[in-house]
Amino acid sequence: MTRTPLIAGNWKMHKTVDQAEQFVQGLLPRVSTADGVDVALCVPFTALAAMVDSTRGSRVEVYAQNMHWAEQGAYTGEVSAAMLVELDVHGVVLGHSERREHFGETDRALAVKVPAALASGLKVILCVGETEGERERGDTQRKLRYQIQEGLERVPTEQLGEIVIAYEPIWAIGTGLVATVEQAQDAVAFCRALVADRSSEQAERTRILYGGSMKPDNAAELLAEPDVDGGLIGGASLDPETFSAIVSAAA
Ligand code: 13P
């Protein structure tokens, strides 16, 4: 089974609409000929509509960085799946460690958000990963098991292969510390084994990304690992040149 690699840029809270437009004008010509790789940009809510318009007809898909699980309701400041679908947004990143750490995102909530997004036709990138302390204590697998089992609990088995999982060791996010290729491969293969506990057939379809200080100079070796199906890129996704260099490394 060959899985098409996915390179997704997570802008986090960066770029006004104007800055996003400038980025995309720089990016599109650079990635137009990259074959055999899917490309996504996960952008702030305020830039979604403009980015959907500016990337229409290109290979670049546009994702949101969060959503609420309910169809509508008294949830001030939140955005529903239907609101994203209305804008032609392709997907959503759920459970990023920054949302877990700073905004109280829980595995319980994700167990509801993930199937709600899928049911609305949105693609999902579910983020998981351990802290430095958890790795040092030998708790990496326990953390991943908990996050993946709970996050995917209510996803119908036949849809597991549509999910993208991003393994992002928290100690590698924004720190310049990148996991070794062995650490990345081991953790990503473990994530796949957890999906295989539900369905080995679906686990072969599930794309599992690595994230955490991925840059043009380390992307190729990480992406060469057999279970690493792409990258979720933070800092290096803010510049069209560095982001497209990572796309080329995956192509
Ligand atoms: P960096 O690439 O800046 O380490 O961020 C990774 C990340 O959190 C992507 O979601």
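Points to keep in mind about this one:
- Helix-only CD estimate at 222 nm, as mean residue ellipticity for the chain, using -39500 (n - 2.57) per DSSP H run (n ≥ 4): -12500 deg cm²/dmol
- Summary of packing: across the peptides 121-134, 196-209, 179-192, the per-residue average of other C-beta atoms within 10 Å ranks them, highest first, as 121-134, 179-192, 196-209.
- Residue separation of Val112 and Met13 scaled by 0.36 nm, minus their Cα-Cα distance, works out to 33.2 nm of gained length.
- Remark: the range 8-117 carries a charge dipole of roughly 180 debye about the Cα centre, counting +1 on each Lys and Arg Cβ and -1 on each Asp and Glu Cβ.
- Projected label distance in nm at Val85 and Glu101, using a 7 Å step from Cα toward the beta-carbon: 3.4 nm
- For the range 60-204, the relative contact order works out to 20 percent when only alpha carbon pairs closer than 8 Å and six or more residues apart are counted.
- Most positive-pole-ward Cα, Leu126, Ser248, Trp171, against dipole of the chain from beta carbon charges: Leu126
- Using equal-weight Cα scatterers in the Debye expression, the normalised intensity of the range 148-251 in log10 at q = 0.15, 0.22, 0.24 Å⁻¹ is -0.60, -1.09, -1.21.
- Restricting the calculation to Cα atoms, the chain shows an Rg/Rh of 0.93 when the hydrodynamic-style radius is the Kirkwood one.
- With a Förster radius of 35 Å applied to the beta-carbon distance between Gln22 and Val181, the computed FRET efficiency rounds to 0.55.
- Projecting the Cα atoms of Met13, Ala47, Val31 onto the charge dipole of the range 1-48 (Cβ charges, centred on the Cα centre) puts Met13 farthest toward the positive pole.
- The stretch between Ala189 and Asp217 holds 7.8 nm of extra length on full extension. This uses 0.36 nm per residue minus the Cα-Cα distance.
- Annotation: extensible slack from Glu225 through Ala251 equals 7.9 nm (criterion: 0.36 nm per residue apart, minus Cα-Cα distance).
- Counting Lys and Arg as +1 and Asp and Glu as -1 over every other residue whose Cβ lies under 14 Å from the Cβ of Glu150, the net charge comes to +4.
- Charged-residue dipole, Cβ positions (Lys, Arg, Asp, Glu), the chain about Cα centre, Debye nearest 20: 220 debye
- In the range 50-155, the chymotrypsin sites (Phe, Trp or Tyr not before Pro) that fall in loop regions by DSSP, at most 12 other Cβ within 10 Å: Tyr75
- When peptides 235-245, 19-29 are sorted by average Cβ neighbour count within 10 Å, with the highest value leading, the order is 235-245, 19-29.
- Sites Ser200 and Asp139 - FRET efficiency at Förster radius 35 Å, r taken between beta-carbons, to 0.05: 0.85
- Cα shape, the range 55-137, gyration tensor, a/c 1.5 rule: oblate
We did not get these values from a lab; they are worked out from the coordinates using the rules stated. Predicted model only: the values in this text are computed from it and were never measured. As a convention, Cβ positions derive from the backbone with ideal geometry for all residues, glycine included, and neighbour counts pool all protein chains shown.
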